[in-house]
Structures are given as C-alpha cells and as structure tokens.
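Here is the structure we will look at, set down as structure tokens.
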Amino acid sequence: MASQMAILSRARTPTGRAQPPPPSPTPLPPNPASGSPLYNENWRSPIPQAQSIIPLGFLHQSSSSRLQALSQTLDVPSLMNVFADWMTSQRWADMNQLFEFWIRSLDKNGKPNKPDVNLYNHYLRAKLMIGASAGELLDLVAQMEDYAIIPNTASFNLVLKAMYQARETEAAEKLFQRMLQTGKESMPDDESYELVVGMLFLTDQIDAALRYVDLTLKSGYMLSMRVFAECVRSCVNKGRLDALVSIIERCKTMDQNKALSPSWNMCIFIADIAMQEDNSKLAFYALEFMARWIARGENARGPVLLSVDEGLVVSALGTAGRTYSSTLLDASWAILRRSLRQKKAPQPESYLAKIYADAALGNLQRAFSTLHEFETAYRNSPKEAEEDIFSPFTSLHPLVMASSKKGFETLDTVCLLICLELGLARDTLEAIDIFISYRKMRYFEIYVEENFDPRPF
C-alpha cells in the first residue's frame with residue numbers, strides 16, 4: 001500500500017509527468033514498382049535543387065534588373081559566350097537589352113566597356129531579329145565610329161537583310177556601291193551579291209539584276225539556287241526568257257558556275273515554259289540540266305534511275321521542228337533513249353515527232369532512217385493501227401510534203417534513200433543502178449502517155 005502511494009505521489013509531481021509516445025520510425029523510400037509520384041521527387045538526393053543556389057532576392061528581381069546586374073560582371077569574351085548561348089535559343093530581345101546595359105557599364109578597371117566589331121555585329125543581328133528597320137540599323141552602324149570600330153562586310157550585310165525584307169532596292173544599291181568604295185574590310189561577299197540580286201529579281205527589275213549577276217560572276221562567286229529560282233520566276237512572269245537564257249549562258253562560261261543544276265521539278269517547269277514559247281535554246285538547257293540529274297542518279301551509290309516523261313520529249317521534238325533546231329532535236333532524242341534504257345521502244349508519237357523534225361530541217365536521210373526504225377519496231381502492230389500510224393495522208397504527211405518540196409530533185413533523193421533503207425540495195429552504187437532503171441522506166445511511161453494515140457486501134 002505504501003509503494004502504491006509512493007507511485008501516485010511521483011505521478012503528481014511536475015518532474016514525474018507522463019512521457020510522450022516514442023516517435024514513429026523513419027519511413028522507407030518509395031518503391032519504384034508502386035508507381036508512386038514521390039519516387040520522382042529526388043527523394044533524399046544529396047544534390048540540392050538548382051533553385052537552392054540562386055539567392056531568393058535575385059529571383060524576385062525583374063528581368064531588366066537581372067540583365068543589368070549580369071552586365072556588370074561580363075567582359076567582352078564572356079559576353080560573346082553569353083550571346084552564343086542565347087542565339088541558339090533565339091533570345092534576341094535579351095541580347096539587345098543586355099548589350100545596351102553593358103555598353104553603359106564600366107569594366108573592372110573603371111573604364112567604359114568597349115565592344116569589338118564581332119560583338120557589335122551580334123548586337124546588330126539582335127536588332128534585326130526584333131524588327132529594327134534598315135534606317136535604324138544604318139544609324140547603329142554609324143555609331144560604331146564612336147567606339148573606334150570599322151564596320152566590316154558582315155555589318156553591312158545585316159543592313160542589306162533589313163533592306164531585303166522591306167524591298168528597299170534603291171537604298172540597297174547605294175549601300176552596295178558604298179561597300180565597293182569603302183575598302184578591303186567591307187568588300188561585298190557572296191551573301192551581299194545574293195541579297196542585292198535576289199531583291200532586284202523579287203521586284204522584277206530584271207535589267208538591273210543582270211548587271212549585278214555579271215558582277216557576281218566576275219567577282220568569282222557562284223549564283224545560288226535561291227537567286228536562280230527568283231531569276232526564273234521573274235523572267236517567266238515578265239516574258240523575259242531571253243534574259244534567262246543569257247544568265248544560263250553566262251553561268252556556263254564561268255568555272256565556278258558550270259555545275260549550276262536546278263532542281264528536277266524546276267527543270268521540268270523551265271522546259272514546259274520554253275516549249276510553250278518555242279524557245280529552243282531554253283528548252284535545250286532544261287534538257288541538259290535533266291541529263292545531268294539522270295547521270296548523277298545512275299552514278300550514285302544505290303542508283304536512282306530518273307526518266308524524262310515521254311510526252312515532254314514529244315513536245316521538245318515538236319519545238320525543234322518548228323524552230324529548225326538540230327541541237328534540240330538531237331538532245332531530245334538522246335535523253336529519251338537514255339530514259340528508256342533500251343528496255344522498250346519509243347512510242348509512235350515520239351517516232352512521228354522526230355520524223356517531222358528531221359523533215360522540217362530538210363534532213364531526209366535521217367527522216368527515212370527513223371521511219372525504217374519505226375517500221376521495224378511496230379511491224380507487228382494490228383492492221384488498223386498500222387494503217388493509221390504509217391499513213392502518208394495523216395501521220396506521215398509532213399514527210400511526204402518535205403519529199404516533194406523541190407519537185408523531181410527531192411523525189412530523186414527520196415527514191416535513193418528508200419532503196420537503201422528498205423534493203424533493196426546493199427550499197428549506194430547498187431541503189432543508184434536500181435534508181436536509174438526506175439527512172440528509165442518512168443521516162444518511157446511518160447513518153448507513151450504523151451505520144452501514144454489509141455485512136456487507130
């Protein structure tokens with residue numbers, strides 16, 4: 001009883017209060033297999049989160065304040081590194097603001113920060129990308145003198161880009177002339193020529209563009225495919241196919257532009273336009289470009305076999321006949337043969353178009369040679385089709401007309417050719433003998449018709 005009273009008295013004393021329950025054990029880390037979202041919260045990671053190393057006051061600053069604070073810690077190389085990083089993420093507005101804070105700050109020696117030309121060009125690019133006008137960029141280029149910086153070609157090219165976007169052709173030409181006159185540091189490069197020439201073609205100033213194309217080629221630069229595409233568009237829209245031909249010919253005379261090769265689709269477009277306008281030179285150049293593509297595809301590792309549509313070749317042969325162009329005729333037939341790759345004969349329309357072109361050019365020997373090849377290829381055609389495709393009154397009418405163009409003189413030549421092509425003679429001499437016999441018989445028939453009088457009988 002006394003012990004029980006002692007226990008109760010100790011429980012009532014302040015030092016003898018009831019103890020709290022023991023703490024719960026430390027929880028185990030989440031099981032990855034359970035799919036718990038807590039597993040992705042970097043549980044017990046010894047590496048602190050990135051936010052923990054940034055002062056809380058810095059986070060609460062405005063963007064402008066942060067950039068201003070950053071500008072006071074950078075020199076030229078470190079600022080260039082920041083710009084290189086920000087250009088990849090296209091932080092053009094931040095680049096612009098940071099540079100303007102930095103240029104008004106002092107370096108570690110207490111002197112005003114002084115940019116070099118490359119750093120200033122980054123500033124110009126940032127200005128261009130946030131929409132500065134060409135006039136604003138020109139003012140900034142003029143301010144480079146305040147920092148003892150000489151503008152270089154890249155500086156002026158950024159201004160030309162702004163002029164290109166605004167189609168300020170007159171100002172661009174003046175700036176280009178200034179670049180030519182200023183000296184070595186700002187001489188136009190291939191980008192300068194491309195911007196000016198492309199701008200002139202975009203505004204359909206074809207003659208002015210041709211002058212700058214000449215300058216481009218004489219300076220040893222290539223005509224880019226983007227500029228050539230603008231050239232094609234402008235010349236076609238304005239009906240200046242002669243100018244397009246002139247540009248292609250000028251490129252062919254320069255070593256650096258001999259490999260000019262428009263895309264396959266552009267070649268087809270040029271060929272179609274040339275044939276619609278019966279421009280045999282332009283049609284020939286289009287086929288020449290396509291032949292290069294075919295050769296390139298055949299020689300590639302894992303050959304790509306390109307073929308010209310036969311309908312396009314028929315149109316080209318028709319253009320060759322109408323314009324009396326043997327060059328286009330030969331190129332058309334050669335590219336058709338290469339496209340077919342000896343797997344099948346050309347269509348009858350192709351043979352007939354070639355016969356027409358040969359006949360129009362007065363080359364009857366080649367016309368009859370093609371006719372003989374045509375007959376050999378389609379000798380087994382149905383009778384109705386054969387009568388149609390070999391009819392002298394329809395399909396072969398152009399050849400008939402060409403054969404009688406100069407009367408008996410042409411007919412004599414035709415008879416000799418027929419003797420040779422149809423195998424009636426083994427060589428020219430035998431063909432002549434057959435022809436002489438034919439002429440003697442024909443003269444006798446004419447004599448009888450003119451002198452024979454059937455009335456006594």
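Rule-based calculations on the coordinates, nothing more; no lab input. Quick caveat: nothing in here was measured; it's all calculated off a predicted structure. Methodologically, a virtual Cβ is constructed for each residue, glycine included, from the backbone with ideal geometry; neighbour enumeration extends over all protein chains shown.
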Problem set entry | 16 Å cut-off, amide nitrogen to a point 7 angstrom out along Asn380 Cα→Cβ, residues in segment 337-358 | 343-346
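My understanding is that a pair violates if its Cα-Cα distance is over 31 Å; which of Lys161/Lys218; Lys184/Lys252; Lys184/Lys238; Lys111/Lys161; Lys174/Lys281; Lys184/Lys281 do that in this structure?
Lys184/Lys238; Lys111/Lys161; Lys174/Lys281; Lys184/Lys281
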Problem set entry | Geometric extent, Cα atoms of segment 261-320 - Rg, Dmax (angstrom) | 11.8, 38
Exercise. Between Arg104 and Ser307, what FRET efficiency follows from the Cβ-Cβ distance if R0 is 60 Å, with the result rounded to 0.05?
Worked result: 0.35
Exercise. How big, in percent, is the set of alpha carbon pairs in segment 62-169 lying more than 22 Å apart?
Worked result: 30 percent
For this session: Using label points projected 7 Å from each Cα along Cα→Cβ, tell me how many nm separate Ala229 and Ser326, to one decimal.
Result: 3.9 nm
For this session: Largest first and to the nearest Å, give the Cα extent of segment 111-152 along each principal axis.
Result: 31, 19, 15
For this session: Using θ = phi - 60° and the Karplus relation 6.51 cos²θ - 1.76 cosθ + 1.60, list the HN-Hα couplings for segment 364-377 in order, rounded to whole Hz, with x at every Gly or Pro.
Result: 5, 4, 5, 5, 6, 5, 5, 4, 5, 5, 4, 5, 5, 6
Problem set entry | Pairwise label distance in nanometres, Val400 with Ser261, each label 7 Å out on the Cα-Cβ vector | 4.7 nm
Exercise. Using +1 on the beta carbon of Lys and Arg, -1 on that of Asp and Glu, and nothing else charged, what's the dipole of segment 62-169 about the Cα centre, debye to 20?
Worked result: 180 debye
Problem set entry | For segment 336-350, Karplus couplings with θ = phi - 60° (6.51, -1.76, 1.60), whole Hz, Gly/Pro x | 5, 4, 5, 5, 6, 6, 6, 8, 7, 7, x, 5, x, 4, 5
Exercise. Once phi is turned into ³J(HN,Hα) by the Karplus curve 6.51 cos²θ - 1.76 cosθ + 1.60 with θ = phi - 60°, what whole-Hz value does each residue of segment 152-168 show in order, with x for glycine and proline?
Worked result: 10, 4, 4, 4, 6, 5, 5, 5, 4, 5, 5, 5, 4, 5, 9, 6, 8
